[in-house]
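Take a look at the structure set out below.
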Amino acid sequence: MAIIIRGGTIVNADQTIKADVYCDEGKIKAIGLDLDVPSKTEVIDASGQLLMPGGIDPHTHMQLPFMGTVATEDFFTGTAAGLAGGTTTIIDFVIPNPQQGLMDAYKMWREWSEKSCSNYSFHVAVTWWDDSVHKDMGTLVREEGVNSFKHFMAYKNAIMADDEVLYNSFSRAVDLGAIVTAHAENGEMVYQLQRKLLEMGMTGPEAHPLSRPPAAEGEAANRAIRLAEVIGVPLYLVHVSTKDGLDEIIRARNAGQRVYGEVLAGHLLVDESVYQNPDFEFAAAHVMSPPFRAPEHQDALWKGLQSGNLQTTATDHCCFCADQKAAGKDDFTLIPNGTAGVEDRMTMLWTHGVGTGRLTPQEFVAVTSTNTAKIFNIHPRKGVIQVGADADIVIWDTEATKTISKDTHHQNIDFNIFEGRNVKGLPTNTICNGELKYADGELRVKANTGTYIKRPAFPSIFGALDKIAVKNKPVKVVR
Ligand code: URP
Ligand code: ZN
Ligand code: ZN
């Protein structure tokens with residue numbers, strides 16, 4: 001059914017205007033004051049509220065098989081929780097096991113994700129290399145709308161990509177017009193430190209951050225950036241958690257390199273003291289990689305977001321419950337890595353970003369939606385409220401408050417890293433592809449109603465620049 005949202009103020013990343021928005025057939029059809037619409041149109045009164053582009057979380061892991069178990073949040077419950085928090089699109093990850101074909105893994109994830117109830121898309125991880133991976137990357141870009149490939153520089157003996165894999169994959173990506181992304185931690189350093197800490201008798205979660213020092217991120221960020229520089233491929237670093245990683249991004253950006261950085265709501269707002277808690281369940285519930293950090297890193301990350309050196313916010317939503325975390329009771333390296341947040345990202349960012357004056361409402365829209373849409377090439381279909389765009393809209397009450405709790409959240413996990421936090425600024429309604437999916441505290445969702453979002457390859461200018469960088473000789477750029 002068509003919807004008209006009346007009386008609200010539209011906040012896009014580049015302008016704020018008071019206007020009604022008319023949505024039909026999944027699209028925004030008209031924007032203006034006192035719009036005339038067909039009589040059967042559903043009317044939503046948004047007086048006094050903001051209308052913002054639906055959130056895009058570029059980093060989630062629904063029902064991820066990982067570290068001997070499977071994340072508890074599936075694509076239905078996870079996308080529903082996202083909608084309750086104002087997020088209308090997730091970009092999740094296909095992660096093939098080493099030696100598993102990329103297309104094979106991609107088809108598995110597409111099957112699992114059919115139960116989604118919002119928009120969803122996939123980055124595909126390159127965890128190993130041979131000719132079939134080279135071929136499948138081409139099929140994914142050309143036929144399946146995958147324009148980003150992920151590389152885990154950590155998780156040795158599992159999904160870690162070594163320099164050879166990175167080099168081959170980055171080179172293939174640039175030829176295809178795709179962007180590469182990386183989890184930047186030096187996996188060998190982490191592995192050796194883990195062994196050493198265990199030998200020293202440090203078996204509890206307090207050892208987790210010690211095994212993953214900021215230098216591990218700084219080194220890997222630099223390595224990925226330098227490889228991307230030589231190959232000429234755009235690079236997106238996921239979950240930047242330290243000043244060390246951020247400084248590498250700033251250096252590269254100042255040198256003109258196309259490098260982007262993502263920051264997690266968790267890394268901005270939770271610090272490393274959680275690992276000192278003597279309660280194993282509590283500390284283990286916070287075990288994720290990279291770990292939560294000292295306050296000086298959080299300050300740097302906020303400044304990175306404010307300055308535009310970090311462009312996107314995400315959650316790395318990856319749910320493991322207490323019984324799963326218990327696998328690492330006697331050995332912290334066996335605690336499944338992951339924490340939740342897809343439902344809380346927008347309100348935590350608003351409360352601690354806009355509410356503190358660090359971000360303007362327009363900047364909030366940029367870092368929760370628009371920038372991601374641009375970087376992953378789905379703008380202006382997504383990330384903006386304008387005629388012709390998909391009708392993904394969150395109606396936001398800047399005065400609404402609540403206290404976050406695992407007892408009231410919609411996420412399928414028995415813990416919330418933001419437990420007890422008071423937030424101000426919440427969605428009252430979430431519209432996804434023109435359908436009202438969350439209204440006044442109630443989810444109105446059904447499984448299998450989501451939409452897979454294809455993301456086209458980037459224009460060939462990347463390829464042209466790449467050839468200049470690689471061959472180091474003048475190339476005639478034909479446009
Ligand atoms: O701890 C995390 N982040 N788990 C999910 C996998 C990853 O590294 O993103
Ligand atoms: Zn990661
Ligand atoms: Zn992740």
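No value in this document is a laboratory result; all are computed from the given coordinates. All of these numbers come straight from a predicted model, not from anything done at the bench. Note that each Cβ is placed from the backbone with ideal geometry, even for glycine, and that neighbours are counted across all protein chains shown.
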Original post:
So what is Rg over Rh here for segment 146-275, counting just Cα atoms and using Kirkwood for Rh?
Top reply: 1.00
Original post:
If you place +1 on the Cβ of every Lys and Arg and -1 on the Cβ of every Asp and Glu, how big does the dipole about the Cα centre of segment 81-212 come out, in debye to the nearest 20?
Top reply: 280 debye
Original post:
Which distance in nm do the two modelled labels at ALA447 and ASP397 give, with both placed 7 Å along the Cα-to-Cβ direction?
Top reply: 3.1 nm
Original post:
Mind checking Rg over Rh on segment 49-105, alpha carbons, Kirkwood formula for Rh?
Top reply: 1.09
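Scaled to the compact-protein estimate 2.2 N^0.38 Å, what is the alpha-carbon radius of gyration of segment 1-89, rounded to two decimal places?
Working: Rg = 17.2 Å, N = 89, 2.2 N^0.38 = 12.1 Å.
Rounded to two decimals, the normalised Rg is 1.42.
Looking at the P(r) of segment 13-148, how many percent of alpha-carbon pairs lie beyond 20 Å? Please list the in-between numbers first.
On the way: 5374 of 9180 pairs.
Roughly 59 percent, once rounded to a whole number.
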Original post:
Hey, how much of the P(r) for the chain falls beyond 36 Å, as a percent of Cα pairs?
Top reply: 25 percent
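Step by step: find N for segment 242-365, compute 2.2 N^0.38 Å, then divide the Cα radius of gyration by it. What's the final number?
On the way: Rg = 15.8 Å, N = 124, 2.2 N^0.38 = 13.7 Å.
Relative to the rule-of-thumb radius for its length, segment 242-365 sits at 1.15.
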Original post:
With no solvent and one point per C-alpha, what does the Debye sum give as log10 I(q)/I(0) for segment 130-222 at q = 0.21 Å⁻¹?
Top reply: -0.97
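Using just the helices of the chain, give the 222 nm mean residue ellipticity in deg cm²/dmol: DSSP H runs with n ≥ 4 each add -39,500 (n - 2.57), and the total is spread over all residues, rounded to 500.
Values: 16 runs with 150 residues, N = 479.
Computed ellipticity for the chain at 222 nm equals -9000 deg cm²/dmol.
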Original post:
Where the only charges are on Cβ atoms (+1 Lys, Arg; -1 Asp, Glu), what is the dipole of the chain about its Cα centre, to the nearest 20 debye?
Top reply: 1520 debye
Original post:
Could you give P(r) for segment 208-273, binned at 5 Å from zero, as whole percent values over all Cα-Cα pairs?
Top reply: 4, 18, 28, 24, 14, 8, 4, 1
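Treat the count of other C-beta atoms within 10 Å as a stand-in for reagent exposure and order SER39, SER113 from fewest to most.
Values: SER39 4, SER113 23.
Exposure proxy ranking, most exposed first: SER39, SER113.
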